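Each remark here refers to the structure printed beneath this line.
The values are calculated or read from the model by the stated rules, or taken from the named source; none is laboratory data. These figures come from a predicted structure and were not determined experimentally. Quick reminder, even Gly has a Cβ in these numbers, built from the backbone with ideal geometry, and neighbours come from all protein chains shown.
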Amino acid sequence: MNWKFWKKKEPAKKKGFVREWVDAIVFAVIAATIIRLFFIEAYTIPTSSMEKSLLIGDFLFVSKVSYGPRIPNTPLAFPFAHHTIPGINTKAYLEWIKLPYYRLPGFSKIENNDVVVFNYPMEGFRPVDKRENYIKRCVAIPGDVLEVKEGVLHINGEKAYQPEMMQHSYAVKTNGTGFNQRVLRKLDITEGGRVSNAGDFTLTMTDEARKEISELQNVVEVKPSIAEAGAYAEYIFPNSDPELKSTAKKKFFWNVDNFGPITIPKKGETVELTVDNLPIYERLISFYENNDLKIEETTIYINGVEATSYTFKMDYYFMMGDNRHNSADSRFWGFVPEDHIVGKAVFIWLSIDKDATKFLERIRWNRLFSLID
């Protein structure tokens with residue numbers, strides 16, 4: 001008979017100091033990684049494309065649960081790094097395991113005018129979840145008809161919502177004199193400057209700043225800088241793939257201020273395909289939805305089969321910056337697929353003005369813990 005169960009159990013050995021710290025660090029890294037992947041992530045505004053709604057130096061929290069967190073395409077990755085390990089300039093992920101796109105259920109769907117963080121869709125040399133993060137306003141959702149006329153955005157035939165702090169570029173004519181820098185700083189005019197010695201300036205301003213500039217004694221005229229309707233801009237979407245030899249590339253005489261009309265693709269909807277409209281859909285079909293797309297004279301082939309129509313597999317979105325004349329957005333590179341959506345920008349937890357001269361003035365106190373509209 002085995003009498004060992006009568007023996008008193010010896011107390012477990014206490015972990016050493018180093019072991020306790022290692023366990024604590026491992027737990028913290030795992031917990032923080034899960035939170036970052038599936039719940040909320042910090043983001044910093046790097047450019048002026050969303051000014052003055054969002055400023056360079058704003059630190060945001062982006063909600064992953066709003067639209068549903070994505071399962072990572074590349075789960076083997078260095079913790080807390082996006083696509084590059086800081087300091088050694090090497091990839092922060094391994095592609096040994098590649099998972100297909102899947103999104104967990106979220107609390108809501110993307111709505112018009114949400115401020116959204118997404119992966120830059122034109123960055124084809126990285127996996128989707130490791131492409132550069134961009135932040136813009138979603139101005140059109142699947143099924144919407146978008147058009148920009150004389151610099152004014154229209155959705156479904158009506159003037160769209162205009163953010164209060166949205167900016168445009170203006171041609172300003174003075175009597176030959178310049179502007180006091182204190183006045184420009186008071187009006188928060190940080191972009192633009194003199195373009196001639198005759199008193200010509202280009203200034204990027206909100207509508208409120210435009211009104212105040214117009215009232216200055218030395219200002220003769222303030223006009224919006226609007227590209228002429230029908231003026232072709234080769235850098236504006238749609239940009240055809242040269243290999244497709246599309247004959248319709250220059251059919252779309254669009255620019256940043258006169259763009260469209262264009263319908264945003266919606267999952268499950270079918271569109272007629274012709275050589276005339278193919279430039280709008282070619283990247284969507286071939287790159288985002290992984291089809292073999294070819295054109296021979298006027299015949300379109302998808303996966304080797306002649307095609308006169310196409311049914312979308314994903315929803316798509318149209319993003320624009322609030323700084324309308326200084327934003328590389330969907331007017332330049334087209335639609336953002338749903339698998340590129342990262343999350344919704346929720347609130348600013350810190351904002352730092354790197355141009356401020358005094359230390360205490362570097363923190364924009366009025367922006368701390370403010371919700372993003």
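Points to keep in mind about this one:
- Looking across 107, 118, one residue alone is in contact with a strand residue (DSSP E or B) (Cβ under 9 Å, 6 or more places away or on another chain) and part of a loop (DSSP other than H, G, I, E, B). It is 107.
- Among the residues of the range 268-281, those identified as free of Cβ contacts under 8 Å to residues at least 60 places away in the same chain and either part of a loop (DSSP other than H, G, I, E, B) or within 21 Å of the chain's Cα centre (by Cα) (or both) are 268, 273, 274, 275, 276, 277, 280, 281.
- Residue within the range 134-150 that is closer than 29 Å to residue 288 by Cα and out of contact with any strand residue (DSSP E or B) (no Cβ under 8 Å at 6 or more places or on another chain) present: yes
- Selection within the range 335-349 - among the aromatic types (Phe, Trp, Tyr) and crowded, with 21+ Cβ neighbours inside 10 Å: 335
- Restricting the range 54-81 to residues that are among the small types (Gly, Ala, Ser) and not in a strand (DSSP E or B) leaves a set whose member that is surrounded by the fewest Cβ atoms within 10 Å (Cβ to Cβ) is 81.
- Being under 19 Å from the mean Cα position of the chain (by Cα), of a type in the set (D, E, K, R) and part of a strand (DSSP E or B) holds for only one residue in 51, 41, and it is 41.
- Filtered by the rule that a residue be over 16 Å from residue 48 (Cβ atoms) and under 25 Å from the mean Cα position of the chain (by Cα), the range 185-223 gives a lone residue, 207.
- For the range 21-57, filtered to residues that are modelled with pLDDT of 75 or more and among the acidic types (Asp, Glu), the residue that is nearest to residue 104 (Cα to Cα) is 41.
- Only one entry of 345, 307, 356 meets the criterion of being of a type in the set (Gly, Ala, Ser) and not assigned by TED's automatic domain parsing to the domain that holds residue 63, and that entry is 307.
- Across the range 285-315, the qualifying residues are those that are assigned to a loop (DSSP other than H, G, I, E, B) and of a type in the set (Ser, Thr, Tyr), and the one among them that is nearest to residue 340 (Cα to Cα) is 308.
- Within the range 133-220, strands (runs of 3 or more DSSP E) holding 1 or more residues that are without any contact (Cβ under 8 Å) to a residue 12 or more places away in the chain: 152-155, 191-194
- Test: residue in the range 296-318 that is aliphatic (A, V, I, L, M), under 19 Å from residue 144 (Cα atoms) and crowded, with 18+ Cβ neighbours inside 10 Å: yes
- Some residue of the range 297-313 being small (Gly, Ala, Ser) and within 27 Å of residue 120 (Cβ to Cβ): no
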